[in-house]
1. For the stretch 729-758, give me the residue count where each residue is at pLDDT below 95 and either touching a Lys or Arg at 6+ places or on another chain (Cβ under 6 Å) or over 30 Å from residue 681 (Cβ atoms) (or both).
2. In the stretch 131-179, which residues are surrounded by 21 or more Cβ atoms within 10 Å (Cβ to Cβ) and of a type in the set (S, T, N, Q)?
3. Of the residues that sit in the stretch 273-320 and are open to solvent by 20 Å² or more (accessible area, probe 1.4 Å) and aliphatic (A, V, I, L, M), which one is modelled with the highest pLDDT?
4. Any chance you could count how many residues in the stretch 166-180 are in contact (Cβ under 8 Å) with a residue 12 or more places away in the chain, in a helix (DSSP H, G or I) and either under 22 Å from residue 344 (Cα atoms) or more than 42 Å from the chain's Cα centre (by Cα) (or both)?
5. If we scan the stretch 596-604, do we find a residue that is touching a residue at least 12 places away in the same chain (Cβ under 8 Å), within 26 Å of residue 726 (Cβ to Cβ) and either in contact with a His (Cβ under 6 Å, 6 or more places away or on another chain) or open to solvent by less than 40 Å² (accessible area, probe 1.4 Å) (or both)?
6. Those residues that are assigned to a helix (DSSP H, G or I) and over 35 Å from the mean Cα position of the chain (by Cα), I need them from the stretch 242-252; list them, please.
7. Could you give every pair whose Cβ atoms fall below 8 Å, whose first residue belongs to the stretch 121-138 and is closer than 20 Å to residue 64 by Cα and of a type in the set (A, V, I, L, M), and whose second residue is open to solvent by 60 Å² or more (accessible area, probe 1.4 Å) and in a helix (DSSP H, G or I), counting only separations of at least 6 or pairs across chains?
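The values are calculated or read from the model by the stated rules, or taken from the named source; none is laboratory data. Values in this document were obtained by computation on a predicted structure and should not be read as measured data. With ideal geometry, Cβ positions are generated from the backbone for all residues, glycine too; neighbour counts draw on all protein chains shown. Accessible surface is based on the protein model in full, side chains and every heavy atom, while ligands, DNA and RNA are left aside. Shrake-Rupley method; radii C 1.70, N 1.55, O 1.52, S 1.80 Å.
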Amino acid sequence: MSLFHPHSCSNPFISVSTDSGANPTADTNSSNDLCFKDSKQRIKKMFNQIELSVSSYDTAWVAMVPSPTSHCNPCFPACLNWLLDNQLPNGSWGPCRPHPLLIKDTLSSTLACVLALRRWGVGEEHMTKGLRFIESHFCSASDESQLTPIGFDIIFSGMVEYARDLNLNLPLRSTDIDVLFHKRDLQLRRENSKGREAYLAYVSEGIGKHQDWEMVMKYQRKNGSLFNSPSATAATLSHLPNSGCLHYLTALLDKFENAVPTLHPFHVFPRLCMLETVESLGIGQHFREEITSVLDETYRCWLQGEEEIFLDLPTCALAFRTLRVNGYDVSSEALAGFAEEHFFNSLGGYLKDLDAVVELFRASQMIIHPNEQLLEKHISWTSHFLKQELSNTSKCAYKHKQNIMQKVNDALEFPHYASLERLVYRRNIVNYDVDDIRMLKSSYSSLSIGNKDFLRLAVEDFNACQSIYREELKQLERWVQEKRLDKLKFARQKLAYCYFSAAATLCPPELSDARLTWAKNGVLTTVVDDFFDVGGSEDELLNLIQLVEKQDLDVSIDCCSEEVEIIYSALDNTISEIGEKAIAWQGRNIKTHVSEIWLDLLRSMLQEAQWSKEKAVPTVDEYMRNGYISFALGPIILPALYFVGPRLSEAVVKSGEYSLLFRHVSTCGRLLNDIHSFKRESMEGKLNAVSLHIIHGTNSVAEDHVNQELKHLIEERRRELHRLVLQKNDSIVPRQCKELFWKMSKVLHLFYMKDDGFTSHEMANAVNAVIHEPILVDQL
């Protein structure tokens, strides 16, 4: 990790907007390609070199530490020299990136620097300029609209008191100083708790000679620091000689030479943030080696029980979620220390750290084992807490708070099991903050967390992929016309939605064959479903099945109606096309397998049609054995598996793992559909899983009760599906293929979040966002 300093900092500003009328592919040239490559190279370097802004505030406190051999001399004179060399022209010391809402932070940093100079009797002119800045900006100390450093009321007042001890006259009115001390006293008199105790230890430099230093030492970490905070550690060492504190600060200056950050060590979290950023912006495919390196290093730290992970909630939660979703074996017991009662007795809980709670909420959704009740409890209390904070927060005037609340809202509104990649990418790109400044006792920023290179690369990649999707959709529209599917009046025309589900999940450009296969079969399953449901007679249904069974027939003779001829011709042509295309991917023709998949579906649909005609009432088990197939995911998912990369042998396709993956996702889809369509189907006299549970229940069973039972079953199947997808040991289905089952599960949960399938206005907006509306960056 390295530091970047105020004089070398810039303040980039990027705003993002959307416009459906723009053409993102226009004027593509070698200059754009070069810019794209340059951004990639800079990001690759960032994975290996974490940069964090220098903290003049913390550097000042380290500069105040006396030498253990002579209290008349500074222990770290290099820090003192840095303060003399880095005062800003306006007399202040402070944030690397000046901001009108960081005046409190600047006041705190400036006063700390003035105290350090006064402590050692140097820099008279610097002190004078610093005091002028404090005098002219002091009104911001009570401005509630300012971003407030943690512990500001205690620390700033404590520094004012320390200035008196140093006989330093501050240009402040006595009434203003009295107000400061009153605020500090109110904070110090708050009800005692373990969380408050940790907070008071964290802001020790503001309590000074009144602090219980023995209590503070309970929070010392293995590396010798207090909370990984240079300022708290320096203040402790100034009052209580301690070899651990001295070793920590000495090692810090050995690493950074003459100035320090506000937090150290800071290695695992920013690298995980970079991984999260490139994945969530849709550019992870460009950094596979770097991502693997971060994952392996994080797992090593996890196994070694490093404090940087396990004593910090955001880092621990992010590490757990990232490792688990990438198939690493990590136990949820690592999150046991962040139970509700423990959290609110911690520093983060006392400060109501929203970022930490969001990370824990997202991590707790990664339940893949039936005995992970701990994560269930975490979901319960974190979701309740976040909803309360969201409802209690009025509209914020400053961007920092807006970003946090947007993060809270997204976490609650878009669960991981119903989030489609392209929608996630777009939302994250539009909301990405290239100037992400974070606040502890002083503000800090890192190029690894907020950087315009991420945004530039993400926008270009998103728009380039989107142009491919639009061309593929046009190709599919021509296909629908060529196959005369638009002539079938009984059939719903849902091409855009079918293709959307492919484009939103099978994102990489090279997966064109998989997307087209997925979308074509999605259109055909919709047509066939409508044909069996309302469009065809029993003779036509039987005729269609016989045609698919026999194949290679004269459709003009063997088809009993024009509708059958159109459907069969489209089916036969598409099955043959998929079989031929697969040769390049699999080295063999898969036409026979695709035909079998379609026959399974047609026969299951015929069974449902016959039950309906005969007014038969199957058992729940009979219905579900047939229903998970008749839900019609087979022709959509299974042929597409052949086009995502790995070769699939007959053994894999016939394995129990392959069948179980398909059964789980199809069962989730069937039950989601039946819950949402129960009322409509009941009015039409049709049976489904809900009505059959009510009919076969031993006692009078209410719809609400059945729905709750089925939702619980959906949750169980979804989690088991996720476990199978993430499982590495004893798995023969390639991970890329397993991901398709999970992606389809996400599509289903999104489609059925509110309405019955393809009826939601939000879904139409989603289609436009993924396929039609490019993203524009106003300024890069």
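1. Matching residues across the stretch 729-758 total 3.
2. 157, the sole residue that qualifies.
3. 303
4. 3
5. Yes, the stretch 596-604 contains at least one residue that is touching a residue at least 12 places away in the same chain (Cβ under 8 Å), within 26 Å of residue 726 (Cβ to Cβ) and either in contact with a His (Cβ under 6 Å, 6 or more places away or on another chain) or open to solvent by less than 40 Å² (accessible area, probe 1.4 Å) (or both).
6. Residues satisfying the conditions are 243, 244, 245, 246, 247, 250.
7. What qualifies is 127/118.
One line per residue, one yes/no per condition, for (1) within 20 Å of the chain's Cα centre (by Cα); (2) part of a helix (DSSP H, G or I); (3) in the same structural domain as residue 388 (by the TED database):
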| site | (1), (2), (3) |
| --- | --- |
| 319 | yes, yes, yes |
| 322 | yes, yes, yes |
| 327 | yes, no, yes |
| 330 | yes, no, yes |
| 342 | no, yes, yes |
| 345 | no, no, yes |
| 348 | no, yes, yes |
| 352 | no, no, yes |
| 357 | yes, yes, yes |
